[in-house]
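Peer 1: Take this structure first; my questions come after.
The values are calculated or read from the model by the stated rules, or taken from the named source; none is laboratory data. The structure presented is a predicted model; accordingly, all values stated were derived computationally and were not measured. Positions of Cβ are backbone-derived with ideal geometry, glycine not excepted, and every protein chain shown enters the neighbour counts.
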Amino acid sequence: MKRGLSLLGFAQKAGKVVSGQIGCERAIKKKRAQLVLIAGDATPNTRELFVGLCCRHAVPYRIWGRKEDLGRAIGKTPRAAVAILDRQFASRLQSLIDDFNNPGERLEEDLWR
């Protein structure tokens with residue numbers, strides 16, 4: 001998780017992150033968002049809003065971390081949603097999150113190669 005939050009901080013410094021409800025909604029609707037991170041402790045309404053938007057606009061999303069962690073990683077107050085605008089940052093972060101959530105799958109794949 002630390003590596004993911006660190007990468008999120010680098011993306012913020014590079015200017016490739018938008019946070020907050022309005023900024024993320026705009027990025028999704030304008031098809032600028034490559035990945036949306038939704039905090040696990042976000043309210044159900046917020047979660048439904050972003051999951052629905054991401055599904056309608058075919059933007060990948062992950063429910064990951066806490067609002068406090070996401071906000072701290074980008075140097076801001078707690079954030080319920082963060083959109084990554086860069087394809088490389090998004091794909092790397094997505095793979096880190098997937099590996100973190102499913103550590104056993106990766107090991108099984110490596111054994112069969």
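Peer 1: Cβ-Cβ below 8 Å, separation at least six or inter-chain, first residue in segment 39-55 and in contact (Cβ under 8 Å) with a residue 40 or more places away in the chain, second among the β-branched types (Val, Ile, Thr): which pairs?
Peer 2: ALA39/ILE63
Peer 1: Quick check on my filter: what residues within segment 16-38 are part of a loop (DSSP other than H, G, I, E, B) and in contact (Cβ under 8 Å) with a residue 12 or more places away in the chain?
Peer 2: Of the residues in segment 16-38, the ones part of a loop (DSSP other than H, G, I, E, B) are 16, 20, 30-34.
Within segment 16-38, LYS16, GLY20, LYS31, ARG32, ALA33, GLN34 qualify.
Peer 1: Please enumerate the residues belonging to segment 54-99 that are β-branched (Val, Ile, Thr) and part of a loop (DSSP other than H, G, I, E, B).
Peer 2: Listed by number, the residues that qualify are VAL59, ILE74, THR77.
Peer 1: Where the second residue is at pLDDT 70 or above and surrounded by 11 or more Cβ atoms within 10 Å (Cβ to Cβ) and the first is under 13 Å from LEU8 (Cβ atoms) and among the basic types (Lys, Arg) and lies in segment 87-110, which pairs have Cβ atoms under 7 Å and are six or more apart or on separate chains?
Peer 2: Partner pairs satisfying both residue conditions: ARG92/LEU7.
Peer 1: So, VAL51, is that one among the β-branched types (Val, Ile, Thr), touching a strand residue (DSSP E or B) at 6+ places or on another chain (Cβ under 6 Å) and outside any loop (DSSP other than H, G, I, E, B) or not?
Peer 2: Judged against the criteria, VAL51 is not a match.
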